[in-house]
Amino acid sequence: MNILAANWKMHKTREETRAFFRRFLELYQPTATHHLHTLIAPPYTSIETALGMARNTPLWIGAQNVHQEEQGAYTGEISLPMLQDLGVHFVIVGHSERRKYFHETDELIARKLHRVLDAGLWAILCVGETLQEREAGEAERVVQKQVEAALTPLDANHIPRLIVAYEPVWAIGTGVPARPEDAEAMHRFIRSLLSRRFGEDGEAVPLLYGGSVKPENFSAFAQMPHIHGALVGGASLDPERFWKLHEILLDATG
Ligand code: 13P
């Protein structure tokens, strides 16, 4: 399965969301893209607007985060039942910005991931090392720890709805992506971790690359056998540029 997932982060009001979809839906060709799934995660406040704009299309709308508890005194937080009530298809879990700025631990991320998958939604689990960790030769060890911790509470029933995004922290929002062959090597490594734990089911989990993906650099990633698409920040905010990534992935995957 090939996937292009947009993570809008803290961007776009409802009106900006409508404007994006108006243009994107002019470009988007569902029949040409039947084996390419498009996922969009707007900020919470634009989810309902996005769902409305994407109605009767194959686009999936999701959330960028969720709280681990079902309800309670957690000022400012959003629960999974609230997201299910809106009708989201997926949730991003463990983004490095959540890990860094909101101190999310592997253990917390594992709880969130379990909750999302257990509810029957899809989840994009994000993993990735910092520059310091890569320079110290620790990249694989760090990613292994993140993947294994997140998988701990899962069983085989959860795996068909899991997507893993490898996003090296130093490549996010910097304009400097990983080298495609380094990303491919890490994807192969993540695949081996998934297969070791879940056998054939683990083989089918889509693996996305994220970090400064844009039309100018995506083609080399799209051609890598273990890279099934991308999780895109900045370049997903513009409908033309986000659509261009679709054309590149379609070209690369036939
Ligand atoms: P950029 O594409 O802006 O580097 O962001 C990547 C990302 O963090 C997607 O989740």
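The values are calculated or read from the model by the stated rules, or taken from the named source; none is laboratory data. Bear in mind the structure is a predicted one, so any value in this text is a computation, not a measurement. Glycine also receives a Cβ, built like all others from the backbone with ideal geometry; neighbour counts cover every protein chain displayed. Areas reflect the complete protein model, heavy atoms only, side chains present, ligands, DNA and RNA absent. Shrake-Rupley method; radii C 1.70, N 1.55, O 1.52, S 1.80 Å.
Computed quantities for the displayed model
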| read-out | value |
| --- | --- |
| Which numbered condition Gln146 fails, given (1) within 30 Å of Gly87 (Cα to Cα); (2) of a type in the set (S, T, N, Q); (3) open to solvent by 40 Å² or more (accessible area, probe 1.4 Å) | (3) |
| Subset of region 71-111 [of a type in the set (Ser, Thr, Tyr) and over 18 Å from Gly211 (Cβ atoms)] | Tyr74, Thr75, Ser79, Thr105 |
| Ala123 out of contact with any Gly (no Cβ under 6 Å at 6 or more places or on another chain), hydrophobic (A, V, I, L, M, F, W, C), part of a loop (DSSP other than H, G, I, E, B) and in contact (Cβ under 8 Å) with a residue 40 or more places away in the chain | no |
| Flag for Gly62 being out of contact with any helix residue (DSSP H, G or I) (no Cβ under 7 Å at 6 or more places or on another chain) and open to solvent by less than 10 Å² (accessible area, probe 1.4 Å) | yes |
| Within region 87-110, tally of residues that are surrounded by 16 or more Cβ atoms within 10 Å (Cβ to Cβ) and not β-branched (Val, Ile, Thr) | 12 |
| Residue count for region 10-30, restricted to those that are under 20 Å from the mean Cα position of the chain (by Cα) and either at positive phi or open to solvent by 80 Å² or more (accessible area, probe 1.4 Å) (or both) | 3 |
| Test result for Leu27, touching a residue at least 24 places away in the same chain (Cβ under 8 Å) and closer than 23 Å to Glu104 by Cβ | no |
| Residue match in region 214-223 (condition: touching a residue at least 12 places away in the same chain (Cβ under 8 Å), in contact with a Pro (Cβ under 6 Å, 6 or more places away or on another chain) and over 26 Å from His11 (Cα atoms)) | yes |
| So Arg141, is it touching a helix residue (DSSP H, G or I) at 6+ places or on another chain (Cβ under 9 Å) and either within 13 Å of the ligand (Cβ to nearest atom) or over 17 Å from Glu97 (Cβ atoms) (or both) | yes |
